[in-house]
Structure formats: structure tokens, C-alpha cells
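The values are calculated or read from the model by the stated rules, or taken from the named source; none is laboratory data. All figures in this text were calculated on a predicted structure; none of them were measured in a lab. Ideal geometry is used to build each Cβ from the backbone, glycine not excepted, and the neighbour counts take in all protein chains shown.
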Amino acid sequence: MKLKQLRELNHMTQRQAAEAIGCTQGNYSRYETGEREPSIELLVKMAAAFGVSVDYLIGNVDVDDMILSTYERDLILAARAADSRARQDAMLLLTTHQKK
């Protein structure tokens, strides 16, 4: 599993990740190192906490570009809440400033 990568991408400590899924930091550390395997219930909580699918967590899907950081998820939520003019303005601004 790519728990450490996902946790770091989301700027979380092991303690924060453990709290997000409802386990101890010690157990979470063991999940990261592969010393222990999470239950299905915890896999679902991990997927929700990191914004990925359970399939991604267990290695059935390997599309790193599909993983969104907290910042990227916030952008998406803000875009969904904005009116159409604000979405158009934001898209124009972002596409104008793309790295080449």
C-alpha cells in the first residue's frame, strides 16, 4: 500500500492519519510498513481520508495522476460552489499561467 506517500501528499503526520481513520498511531505505523494489514472497514476509512479508492490502496489501480492533494480537492470543491462566471475566470487564469 502507498499509505506513506498518500499521507505525505496530504501533509499529515502519522498521528493525524491515525485519528482520521480511528486507530492508534502505532497501528497506523504498522499499516504503513506492512507489518499489519487493515480491516476492510479501515481500508474504506483510509480511502476516504486520502481521497482515493480502496482499489488504489490495495494496488489494483496504479494511476498516481489520479491522486488529489488536499489543495487540489479544495480547488475542485470551490469550483463546484462557484457561479459559472467565477469558474470561467478561474479556468482562464489557470490555463494562462500553465507551466510550459
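Of the residues examined, Leu6 is not one that is surrounded by fewer than 13 Cβ atoms within 10 Å (Cβ to Cβ) and either among the acidic types (Asp, Glu) or at pLDDT 85 or above (or both).
Note on the stretch 89-100: residues that are surrounded by 10 or more Cβ atoms within 10 Å (Cβ to Cβ) and within 16 Å of Glu72 (Cα to Cα) total 3.
Can you name the residue in the stretch 32-61 that is on the phi > 0 side of the Ramachandran plot and surrounded by fewer than 15 Cβ atoms within 10 Å (Cβ to Cβ) and is also modelled with the highest pLDDT among such residues?
Gly34
For the stretch 9-31, filtered to residues that are of a type in the set (Gly, Ala, Ser) and touching a Lys or Arg at 6+ places or on another chain (Cβ under 7 Å), the residue that is surrounded by the most Cβ atoms within 10 Å (Cβ to Cβ) is Ala17.
Output the residue which, of all residues in the stretch 62-84 that are at pLDDT below 75 and β-branched (Val, Ile, Thr), is farthest from Arg7 (Cα to Cα). Among those that are at pLDDT below 75 and β-branched (Val, Ile, Thr), it is Val63. Entry remark, the stretch 10-28: residues being within 27 Å of Asp74 (Cα to Cα) and in a helix (DSSP H, G or I) number 10 in total. Sub-6 Å Cβ pairs linking a first residue in the stretch 81-100 that is among the charged types (D, E, K, R) to a second residue that is surrounded by fewer than 10 Cβ atoms within 10 Å (Cβ to Cβ), at least 6 apart or interchain, number zero. The condition (being touching a helix residue (DSSP H, G or I) at 6+ places or on another chain (Cβ under 6 Å) and over 21 Å from Ala18 (Cβ atoms)) is satisfied by just one residue among Ala90, Ala47, Ala79: Ala79. When the residues of the stretch 77-88 are filtered to those that are assigned to a helix (DSSP H, G or I) and exposed (fewer than 12 other Cβ atoms within 10 Å of the Cβ), the one that is nearest to the chain's Cα centre (by Cα) is Leu77.
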